[in-house]
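All of the numbers you see were taken from the coordinates with simple rules; none came from a lab. Keep in mind that what you see is a predicted model, and the values were worked out from it rather than measured. Positions of Cβ are backbone-derived with ideal geometry, glycine not excepted, and every protein chain shown enters the neighbour counts.
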Amino acid sequence: MRAPRSWFKARVRTATVLCAAAALAAAAIPASAQSPRAVAAPAEPLVVVDCFSQSQVRPEEYLLACGDGNNRLVGLKWDTWGPKTATAKGTDMVNDCVPYCAAGRFRSYPVTVTLSSPEPWPGHPDVDRFTTIRLLYTDTAPAPVPKDVTYKLVY
């Protein structure tokens, strides 16, 4: 009777060792083996630089008149933020400066905003920034601004 019991113990021991080895092998091998080239480092997103030299991605507001604050984009809802352009809809709040800017009223103008022309951001390795902004007024434009205007972003 001893022979069958030792044979059974040997089989259980062998099965246990094989299961342990399989579990260790499964834990050591990733579920989807990839070559080092297949896993790319995430690219830094394109940014738009604000009046305070801060990078912004999909800002809800953007100050256009850095000197006096009399022109600001608000309520920006970004439809796209891609590798070459970014597009949003929002409102351009412009001081009419009547009779002069300190006494003027802010008027709202619906606008479509397009950022473009990405270039490297000086002093910030691996970060590109949009350098052009296009404003397309969807109703009226503030006088004397044309309905479709493009500005170079200098910050």
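Along Cα→Cβ, 7 Å out, is where each label goes; now give me the distance between the ones at Asp50 and Lys89 in nm to one decimal.
2.4
Given points 7 Å out from each Cα along the Cα-Cβ axis, report the Ser116 to Asp68 separation in nanometres with one decimal.
Once both label points are built, they end up 3.0 nm from each other.
If each of Lys77 and Ala103 carries a label point 7 Å out from its Cα toward its Cβ, how far apart are those two points in nm?
For Lys77 paired with Ala103, the spin-label model returns 3.8 nm.
At most 13 other Cβ atoms within 10 Å and a DSSP loop assignment: could you name the chymotrypsin sites (Phe, Trp or Tyr not before Pro) in region 52-110 that fit? Intermediate values should be presented prior to the final figure.
Details: sites: Phe52, Tyr62, Trp78, Trp81, Tyr100, Phe106; in loops: Phe52, Tyr100.
Counting only loop positions with at most 13 other Cβ atoms within 10 Å, the chymotrypsin sites (Phe, Trp or Tyr not before Pro) in region 52-110 are Phe52, Tyr100.
With unit charges on the beta carbon (Lys/Arg positive, Asp/Glu negative), name the residue among Pro146, Pro118, Ala86 whose Cα is farthest towards the positive pole of the charge dipole of region 85-155.
So the residue furthest toward the plus end is Pro146.
Counting other C-beta atoms within 10 Å, and keeping those with at most 12, which DSSP coil trypsin sites (Lys or Arg not before Pro) do you find in region 48-155?
Values: sites: Arg72, Lys77, Lys84, Lys89, Arg105, Arg107, Arg129, Arg134, Lys147, Lys152; in loops: Lys84, Arg105, Lys147.
Counting only loop positions with at most 12 other Cβ atoms within 10 Å, the trypsin sites (Lys or Arg not before Pro) in region 48-155 are Lys84, Arg105.
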